[in-house]
Amino acid sequence: MRNGLREIADRELSALRWEARNRNAVLARTKGAVKMKKRMSVGLIVALILALGAVSALAAYALTRSPEAQAMHEARQALRDAYGLSAETLGIFVAEYEETQQGWRVTMRAGDGVDGERAGVYTVEKTQDGLAAAWSHDGLDPALWRGGDLTAPAYGQEQLYRALHEGREEAERLARESAAALPAATPAPGPVNEDASVWMDVREVAPGPDDMSLAEAKERMRAAAREEWSLSEAQAQDIGTAADYDEVGARLVEDNAGRRMWEFALEVDLEGAHVSGGVFVDAQTGEIVRFDYTSLGNG
């Protein structure tokens with residue numbers, strides 16, 4: 001019976017992180033070390049194994065995020081709920097995170113390629129009272145901008161979507177015209193570190209024996225992508241595989257504080273728009289340190 005149970009456990013839990021010590025612990029419970037008035041049926045034992053395995057799997061893939069990554073995630077979800085923005089149109093905006101006395105604030109401004117005045121500025125604040133989302137065009141009559149017209153004084157979801165698709169050339173032209181009317185900005189100095197990422201100031205390092213494996217880090221990256229972009233499990237598992245014709249570049253990096261992370265450079269198609277992303281997974285803890293992406297391109 002014990003050999004048959006071992007085969008059942010191995011077969012049913014093949015997709016889980018089920019190690020020998022987990023299997024043996026369950027088998028020990030059925031060996032007779034604990035007195036029972038009635039012998040447990042094989043079906044009941046298998047049900048127990050599957051239940052324990054489900055708990056084990058959930059614990060293994062439970063995501064943790066750094067405070068900044070968690071704030072960014074919550075802020076994007078708040079804007080999707082409050083203003084109907086989609087994951088791809090949120091990629092138009094560059095997010096800035098700051099801590100406050102009561103919590104944090106995330107500010108989102110449009111990147112190059114979309115008129116920043118029309119797109120406006122979104123802010124999400126977390127305080128003791130919860131999350132509060134706001135838009136710099138909140139006081140504008142919605143009748144002035146609804147309908148997808150890119151010459152409207154404000155861009156809602158319809159304009160932002162159009163700016164990424166059939167109206168991209170028009171949106172870029174309007175953005176250039178708007179920028180030309182503003183005082184010229186002094187360009188920021190480029191990064192000194194040639195290994196630096198477009199998302200973080202890091203340098204590439206060699207993997208060490210205490211670092212999380214690339215395979216495990218990739219699973220955490222995929223789980224984070226699934227939550228951030230509302231993907232199905234199959235879509236998330238395809239990221240960076242032959243089934244997904246796009247690319248995932250991975251390397252181990254270290255920031256100025258000595259934190260070692262797996263960096264994943266993502267190139268995916270999201271809701272009809274091409275998205276470039278950067279996901280950083282702490283190589284010691286598995287925490288999602290940062291998850292950024294853009295639908296306007298990095299160049």
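The values are calculated or read from the model by the stated rules, or taken from the named source; none is laboratory data. Just so it is clear, the model here is predicted, and its values are computed rather than measured. Side chains are part of the model used for accessible areas, which takes the heavy atoms of the whole protein and leaves out ligands, DNA and RNA. Shrake-Rupley method; radii C 1.70, N 1.55, O 1.52, S 1.80 Å.
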For the range 94-156 (alpha-carbon point model, no solvent) the Debye-based log₁₀ I(q)/I(0) at q = 0.13, 0.25, 0.28 Å⁻¹ works out to -0.42, -1.01, -1.13
Using a 1.4 Å probe, what is the accessible area per residue for the range 197-280, in Å²? 47
With every protein chain in place, the range 81-121: carbon and sulfur % of accessible area (1.4 Å): 37
First obtain the Kirkwood hydrodynamic radius of the range 56-115 from its Cα pairs, then insert it into the Stokes-Einstein equation at 20 °C and 1.002 mPa s, and state the resulting D in µm² per second as a whole number. 163
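The range 78-187: D in µm²/s via Stokes-Einstein (Kirkwood Rh, Cα pairs, 4 °C, 1.567 mPa s)? List each step's numbers first, then the result.
Numbers: Rh = 14.7 Å.
It comes out at roughly 88 µm²/s.
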